[in-house]
Amino acid sequence: MSTKKTFSRRGALGLMGAAAGAGALAGFTPTKFAIGQQAKVRVGTLLPYSGTYARLGEAITNAMVMRFAQSKEMMGGREIELVKLDSEAAPPKATENTSKLISDNVDFLVGPVHSGVAMAMAKIAREEEVMTIIPNAGADQITGPLCSPNIFRSSFSNWQPGYPMGRVLAEEGKKRVVLCYWNYGAGQQSAQGFKDGFAEGGGEIVKEIGVPFPEVEFQSVLSEIASIKPDAVYTFFAGGGAVKFVKDWAAAGLKDSGIELTGAGFLTEGVTEAQGAAAEGVRTTLHYADTLDNDVNGIFRRNYKEMWGKEADVYAVQGYDAAEMIRIALEATGGDTGAKADMIKAIEGATFDSPRGPFKLSAAHNPVQNFYLRKVVNGVNEVQGIAVEALSDPGKGCRMG
Ligand code: PHB
């Protein structure tokens, strides 16, 4: 696989206007300074540091900082420098923000969390051939028809966590399910994954309820669910919205109604403390669980708690592994960030033990990974078993090059 397209800063400059253009020209700094010291490798994060997804961006960043610190801030013989930008999980600002980071001369882009931001970011990253690791956003297209040699994911495709939950409920004989999700790419694709898994059991989706992102007004939705009385509900909510949904569900008296609340695991990731008793017993599927019993996870969780004073979650795992992918790329080239084809080859071939279990990438650059059935017990996402082993995204339409 090669990076054939010629590098063009022009696209980014056009978007940024003249003022940023001066900055971009100043950005053509040679890698080596005259005195023989090497410039730092610049890692630009486009992540939400405000709004409903703020705690997700924070966990990703914290774990990256931890991974860099474990390597004493040196990878491939070069120092690492983080350049942070708040995406606000706002798709309309994504093009400008991505261009800003590229003009700021970053060697790697890491981000985003929100699929809508990812669609804009990936377009520019592909054109500009910037090495990019997506530490969350699951937009299926990015490891599907819009796949690109220089773009990798350390997280999941939106389809992935949905499919196993659909399979689990189908196998348990659940017949009538309502889907309820934030109505944008991530929620819709998550719901599609669920439907694909659930269809195999012959059940019926009795209703799909979309809630505009990032709205958290759930009263009418919950009344509707109560009146439909399905066997179960499959949801896609995360961060602040997930806290609110789970608490509102309990407050509306649905917890003991015989309707089971399930979802993509984001519903209970990094938020169980805030959800309190309302989260107890909620089952979800995800590529991570707090109690995964492997050596890497135990050490990872202990170190994270010690460094940041809080429990790690899936977002932290994805940030940690994004930093590990950067390390692998830099070690392969002795820190030469110009050797993109070699960095790409190194990441493509990487297999390592992640806190989530074995990690490797598909040909479309999306993780092939186990999906666990989890249940919240005493505020902890406990693993109940593997729902689907080594699940690969269908990756429809990906042609690299
Ligand atoms: C997404 O927009 O792709 C997204 C956001 C938050 C999550 C998962 C996926 O927890």
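Just so it is clear, none of the values below were taken in a lab; they were calculated from the coordinates. None of these values were measured; they are calculated from a predicted model. Counting neighbours? That spans all protein chains shown, and the Cβs are built from the backbone with ideal geometry, glycine included.
A single member of Lys40, Lys72, Lys100, Lys84 is of a type in the set (D, E, K, R), more than 16 Å from the ligand (Cβ to nearest atom) and crowded, with 19+ Cβ neighbours inside 10 Å, and it is Lys100. Report yes if Phe236 is free of Cβ contacts under 8 Å to residues at least 60 places away in the same chain, in contact with a helix residue (DSSP H, G or I) (Cβ under 6 Å, 6 or more places away or on another chain), surrounded by 15 or more Cβ atoms within 10 Å (Cβ to Cβ) and not hydroxyl-bearing (Ser, Thr, Tyr), otherwise no. No, not satisfied.
Scanning the range 170-186 for residues being in contact (Cβ under 8 Å) with a residue 40 or more places away in the chain and either buried (at least 21 other Cβ atoms within 10 Å of the Cβ) or within 16 Å of the ligand (Cβ to nearest atom) (or both) gives a total of 9. Within the range 89-119, the set of residues being within 21 Å of Gln188 (Cα to Cα) and in contact with a Ser or Thr (Cβ under 8 Å, 6 or more places away or on another chain) comprises Ala89, Ala94, Gly111, Pro112, Val113, His114, Val117. In the range 311-363, the residue that is nearest to Pro164 (Cα to Cα) out of those that are within 16 Å of the ligand (Cβ to nearest atom) and part of a loop (DSSP other than H, G, I, E, B) is Arg356. Filter the range 231-250 down to residues that are assigned to a strand (DSSP E or B) and away from the ligand (no atom under 14 Å from the Cβ) and give me whichever is nearest to Thr284 (Cα to Cα). The qualifying residue nearest to Thr284 (Cα to Cα) is Tyr234. Can you confirm whether Asp290 is buried (at least 20 other Cβ atoms within 10 Å of the Cβ), within 25 Å of Thr61 (Cβ to Cβ) and of a type in the set (Asp, Glu)? The answer is yes for Asp290.
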